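What follows is a short report on a single structure.
The values are calculated or read from the model by the stated rules, or taken from the named source; none is laboratory data. These numbers were taken from a predicted model, which means no experiment stands behind them. Note: ideal-geometry Cβ built from the backbone for every residue, glycine included; neighbour counts use all protein chains shown.
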Amino acid sequence: MPDENELRHEIGLPGEWAIRKALGPTLDELGEDLKSLYAVGRDKILRAATKKVSDTEDGKRANLRVMRDVLWNGAFTEDEICAEYFGGILASSRSEDGKNDGTIPFVDTIKALSSSQLRLHYLVYRVLNQELITHHQGLNVGMGSALQKIRIFFASREIHDQYQINYDTDLNVLHRQGLLNSYKIDAAEITTGHLPYFEAQPSVYGVILYGAAHARSDSWRAFSSEDFGDFDDIEKPKFSGTSISELMDSADLKPKQEDQPKT
């Protein structure tokens, strides 16, 4: 049997040894099926999954069923956000015996979403994660009635222009997939005109999927007390809040004052 140095030489590709250490012999079990996939998208997912593994020496292996479905459905896109989500699902399937296929349902959800819809899901729950830690630490995110009291407000133009998100359509899709409990698109009167905005009401499933995308499908209940971190290529929106007034404050805007009745 070749030693570790020989194996490193045989593999040859940058980063592949770390990928094999992180995901285990499941890679070899896929064999020729793995080679037939679109290489750029496939490798982005594998590297994203590896990045989310805190200890590649723990001996755990990815689930074969999850890996097959993740790579088959995710390899044919080069978008970084898709690699992050599919990679998180793959990393979440790691276990000592490789039998953890609990993230299979998330594959169906992710493959039903466009890259812009995944970006919108990420933005909503990234802002929500930080808002809960700051103002509602310890809130039970597994209780829908508690979570649905929170709403996240965004400036529509920023989300459209900065992130190439068609928020009116994409909000509807996220709601249909159970990733938002509700949403609203509106405009607020300000001293200089109108501020188009939308608000998103989170769902428990939205939190669970966000946790899985960060390889934390087993600890998503810590969402209100722990920072789940950023994806490298997506900056947090400059303008957001848990109310329309907070959104205006973040953008340094003032609401239009109602005309006072003459006396």
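Structure data summary
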read-out	value
Pair list, Cβ < 9 Å and 6+ apart or interchain, from the stretch 90-108 residues that are at positive phi to residues that are of a type outside the set (Val, Ile, Thr) and in a helix (DSSP H, G or I)	GLY98/LEU64
Matching option when the condition is more than 20 Å from TRP220 (Cβ to Cβ) and outside the structural domain of PHE231 (by TED's automatic domain parsing), among ASN73, ASN100	ASN73
The stretch 132-155 - residue that is among the polar types (S, T, N, Q) and under 20 Å from ARG176 (Cα atoms) and, of those, surrounded by the most Cβ atoms within 10 Å (Cβ to Cβ)	GLN148
Residue within the stretch 109-123 that is more than 17 Å from the chain's Cα centre (by Cα) and either of a type in the set (Phe, Trp, Tyr) or under 22 Å from PHE228 (Cα atoms) (or both) present	no
Pairs with Cβ under 6 Å, 6+ apart, first in the stretch 197-226 and touching a residue at least 60 places away in the same chain (Cβ under 8 Å), second assigned to a strand (DSSP E or B) and not β-branched (Val, Ile, Thr)	ALA200/LEU180; ALA200/TYR183
Matching residues in the stretch 195-212 - criterion: being farther than 20 Å from ARG94 by Cβ and not in a loop (DSSP other than H, G, I, E, B)	LEU195, PRO196, TYR197, PHE198, GLU199, ALA200, GLN201, PRO202, VAL204, TYR205, GLY206, VAL207
Qualifying residue in the stretch 111-122 (condition: of a type in the set (A, V, I, L, M), in contact with a Leu (Cβ under 6 Å, 6 or more places away or on another chain) and not in a helix (DSSP H, G or I))	no
Hits in the stretch 213-239 (condition: among the small types (Gly, Ala, Ser) and outside any helix (DSSP H, G or I))	ALA215, SER217, SER219, SER225, GLY229
Test result for ASN129, surrounded by fewer than 17 Cβ atoms within 10 Å (Cβ to Cβ), at pLDDT 95 or above and either assigned to a loop (DSSP other than H, G, I, E, B) or assigned by TED's automatic domain parsing to the domain that holds GLU199 (or both)	no
Odd one out for SER145, checked against (1) touching a Leu at 6+ places or on another chain (Cβ under 8 Å); (2) closer than 21 Å to SER224 by Cβ; (3) assigned to a helix (DSSP H, G or I)	(1)
Pair list, Cβ < 6 Å and 6+ apart or interchain, from the stretch 67-85 residues that are of a type in the set (S, T, N, Q) to residues that are surrounded by fewer than 18 Cβ atoms within 10 Å (Cβ to Cβ)	ASN73/LYS111
